[in-house]
Structures are given as structure tokens and as C-alpha cells.
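Trainee: So that we are looking at the same thing, I have put the structure below in C-alpha cells.
The values are calculated or read from the model by the stated rules, or taken from the named source; none is laboratory data. It should be emphasised that the depicted structure is a prediction, and the values quoted were computed from it without experimental measurement. Cβ placement follows ideal geometry from the backbone for every residue including glycine, while neighbour counts extend to all protein chains displayed.
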Amino acid sequence: MAHRHVRNRAGIDPDGSPFPILNSVDMIPVDQRTEELQLLGDTLNEWLHYIPGGFLFKESGMIAVTPIISGAPRNNREATGRNQS
């Protein structure tokens, strides 16, 4: 069994200019969980060896993007999205 939690915050300059015209701050928290079960055995006088098992992977996360436009008020809108698999 394993668990991983990641929280990332990054600043991005999507307009590519040297001026602070359009910037954004992205926050990306992600949780992952994995589990694996294996059963080992043999049959037919050890002629047949087998390993049945199962694997579980679960991931959930969200991305929050806050655009910052020069001269815009401080209450910029925030875009969010969710991920679950």
C-alpha cells in the first residue's frame, strides 16, 4: 500500500513578454493511493505455478488557476477543475 500527496504552486507568464501584462498563479494538489495483493501457489505436483492478484490505483486532484492582469482589481476570477480516476 502506498499514498502520495503533492501540493504544487507555480507562477506562469503566458504572454511571454518582458512586461507584467498577463500572469497566472496555479495551485495543483494531488492525492494518489495504490494497493496490490498477490497470492502465490502451485498445483499439479508443482507443474503449474500461479500468481493471481489485483491492483488498485486511485487519484484525485484539482487545479486552480488565478489570472492576474496588470491594472485589474485584486478580486480576479479563479478557474478550477477536478480530476478523479
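Trainee: List the pairs whose first member sits in the range 18-42 and is assigned to a strand (DSSP E or B), whose second member is among the polar types (S, T, N, Q), and whose Cβ atoms are under 7 Å apart, counting only residues at least 6 apart or on separate chains?
Mentor: Pairs that qualify, where the first residue is assigned to a strand (DSSP E or B) and the partner is among the polar types (S, T, N, Q), are Ser24/Thr66; Val25/Thr66; Ile28/Asn8; Asp31/Ser60.
Trainee: For the condition at pLDDT 90 or above, of a type in the set (Asp, Glu) and surrounded by 10 or more Cβ atoms within 10 Å (Cβ to Cβ), what is the one hit in Asp31, Asp42, Asp13, Asp26? Talk me through it step by step, then tell me what you get.
Mentor: Working: Asp31 fails: at pLDDT 90 or above; Asp13 fails: at pLDDT 90 or above; Asp26 fails: at pLDDT 90 or above.
From the options Asp31, Asp42, Asp13, Asp26, the qualifying one is Asp42.
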